[in-house]
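Q: First, the structure itself, so that you have it in front of you.
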Amino acid sequence: MEDDDETTVTSKESLHMTTISRHSFSITDQTEKALTIQIIENMKEDYGLFVWPCSIALAEYVWQQRLRFAGTSVVELGAGTSLPGLVAAKVGAEVTLTDSSNRVEVLKNMRRMCDLNKVNCKVLGLTWGEWDASIFDLHPNIVLGADVLYDSSDFDDLFATVTFLLQNSPGSVFVTTYHNRSGHHLIEYLMVKWGLRCTRLLDAFSFLPSSKASNLSGNIQLVEMILDLK
Ligand SMILES: C[S@@+](CC[C@H](N)C(=O)[O-])C[C@H]1O[C@@H](n2cnc3c(N)ncnc32)[C@H](O)[C@@H]1O
């Protein structure tokens, strides 16, 4: 989060610790901000109403790869405050933002942020490992997930959903950022188990501009993976 860009909402919502943070994206070698996304956060809530560092890294990656994203169909899983998906929508992708079906306040917040940022994303309750009718209509070229690998009890449900979406849309790719706490072993184990193959592995600090990197800590990695058809 760029602290110097953050402003506090002065409505009665401030009683509930709601803030709007602003996240800017620039073209390399230009100081002028090319895009700013406004995110509604609630510091009192957990998980889905806070911009996690992995989301800042994934959003920056989407921005830097904006030509690749333009004109694609994108689904963001566990989107929470949805910064990567909102950037994808701004650069011309058709975006479906999803989060757990029972996180009604998170889904409601996504709709408010779509209005705030003047983008027309679909918002959908999608709980990992559950097969509501709506998931069968999703045919994304790119599946995004920022900080969705944090609770080991959810890993198989998450990967079941990811694998389903990749199978439902041949040629598609899952792009995720996560805190690497145990080397590459965890992600390798999950990819092998679910028949996926890594096509790109990056240290997020290798592509984050210094102004953002200096506000983040830890070991954040970005992985792209596809179905392993061999
Ligand atoms: C650590 S937060 C990350 C949020 C956002 N992607 C970010 O990086 O700022 C994890 C997100 O996954 C969602 N989530 C957790 N378990 C889920 C499940 N079983 N199905 C769908 N979403 C889930 C949470 O509601 C939350 O929005």
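Q: Applying the selection to segment 186-209, what residues are within 18 Å of Gln65 (Cα to Cα) and small (Gly, Ala, Ser)?
A: Ala204, Ser206
Q: Further question on the same structure: If Leu67 meets every condition in (1) surrounded by fewer than 16 Cβ atoms within 10 Å (Cβ to Cβ); (2) at pLDDT below 90; (3) more than 21 Å from Ala213 (Cα to Cα) apart from one, which number is that one?
A: (2)
Q: Then there's this: Suppose the filter is crowded, with 21+ Cβ neighbours inside 10 Å, under 28 Å from Ser206 (Cβ atoms), away from the ligand (no atom under 15 Å from the Cβ) and not β-branched (Val, Ile, Thr); does Pro84 pass it? Explain how you work it out, then say what you get.
A: Details: crowded, with 21+ Cβ neighbours inside 10 Å: yes; under 28 Å from Ser206 (Cβ atoms): yes; away from the ligand (no atom under 15 Å from the Cβ): no; not β-branched (Val, Ile, Thr): yes.
Considered against the rule, which asks whether it is crowded, with 21+ Cβ neighbours inside 10 Å, under 28 Å from Ser206 (Cβ atoms), away from the ligand (no atom under 15 Å from the Cβ) and not β-branched (Val, Ile, Thr), Pro84 comes out as no.
Q: From Ser82, Ser134, grab the single residue that is modelled with pLDDT of 95 or more, at positive phi and of a type in the set (S, T, N, Q). First the steps, then the outcome.
A: On the way: Ser134 fails: at positive phi.
Among Ser82, Ser134, only Ser82 is modelled with pLDDT of 95 or more, at positive phi and of a type in the set (S, T, N, Q).
Q: Could you tell me which of the residues Arg103, Arg66 is more than 20 Å from Gly171 (Cα to Cα), more than 14 Å from the chain's Cα centre (by Cα) and in contact (Cβ under 8 Å) with a residue 12 or more places away in the chain? Break it down into steps so the answer makes sense when it comes.
A: Details: Arg66 fails: more than 20 Å from Gly171 (Cα to Cα).
Exactly one of Arg103, Arg66 is more than 20 Å from Gly171 (Cα to Cα), more than 14 Å from the chain's Cα centre (by Cα) and in contact (Cβ under 8 Å) with a residue 12 or more places away in the chain, namely Arg103.
Q: Go through (1) buried (at least 19 other Cβ atoms within 10 Å of the Cβ); (2) within 16 Å of the ligand (Cβ to nearest atom); (3) not in a loop (DSSP other than H, G, I, E, B) for Leu208 and report which single condition fails.
A: (3)
Q: Right, something else. If you take the residues of segment 138-182 that are of a type in the set (Ser, Thr, Tyr) and either more than 12 Å from the ligand (Cβ to nearest atom) or surrounded by fewer than 19 Cβ atoms within 10 Å (Cβ to Cβ) (or both), which of them is modelled with the lowest pLDDT? Walk me through it before giving the result.
A: Step one: of segment 138-182, the residues of a type in the set (Ser, Thr, Tyr) are 150, 152-153, 161, 163, 169, 172, 176-178, 182.
Now restrict to residues that are either more than 12 Å from the ligand (Cβ to nearest atom) or surrounded by fewer than 19 Cβ atoms within 10 Å (Cβ to Cβ) (or both): 150, 152-153, 163, 169, 172, 182.
Values: Tyr150: 89, Ser152: 90, Ser153: 93, Thr163: 98, Ser169: 97, Ser172: 98, Ser182: 71.
By that ranking, first place goes to Ser182.
Q: How many of the residues in segment 117-176 are in contact (Cβ under 8 Å) with a residue 60 or more places away in the chain and within 24 Å of Glu188 (Cβ to Cβ)?
A: 18
Here is a yes/no grid of residues against (1) within 15 Å of the ligand (Cβ to nearest atom); (2) more than 23 Å from Ser152 (Cα to Cα); (3) small (Gly, Ala, Ser):
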position	(1), (2), (3)
Ala57	yes, no, yes
Glu60	yes, yes, no
Ser73	no, yes, yes
Leu97	yes, no, no
Asn102	yes, no, no
Met110	yes, yes, no
Lys118	no, yes, no
Leu126	yes, no, no
Ala133	no, yes, yes
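Q: Which members of segment 106-146 meet the condition of being small (Gly, Ala, Ser) and within 16 Å of the chain's Cα centre (by Cα)?
A: Across segment 106-146, the qualifying residues are Gly125, Gly145, Ala146.
Q: While we're on this one: Looking at (1) out of contact with any strand residue (DSSP E or B) (no Cβ under 7 Å at 6 or more places or on another chain); (2) surrounded by fewer than 24 Cβ atoms within 10 Å (Cβ to Cβ), which is the only condition Phe50 fails?
A: For Phe50, the failing item is (1).
The values are calculated or read from the model by the stated rules, or taken from the named source; none is laboratory data. Because the structure is predicted, anything quoted here is derived from the model rather than measured. As a convention, Cβ positions derive from the backbone with ideal geometry for all residues, glycine included, and neighbour counts pool all protein chains shown.
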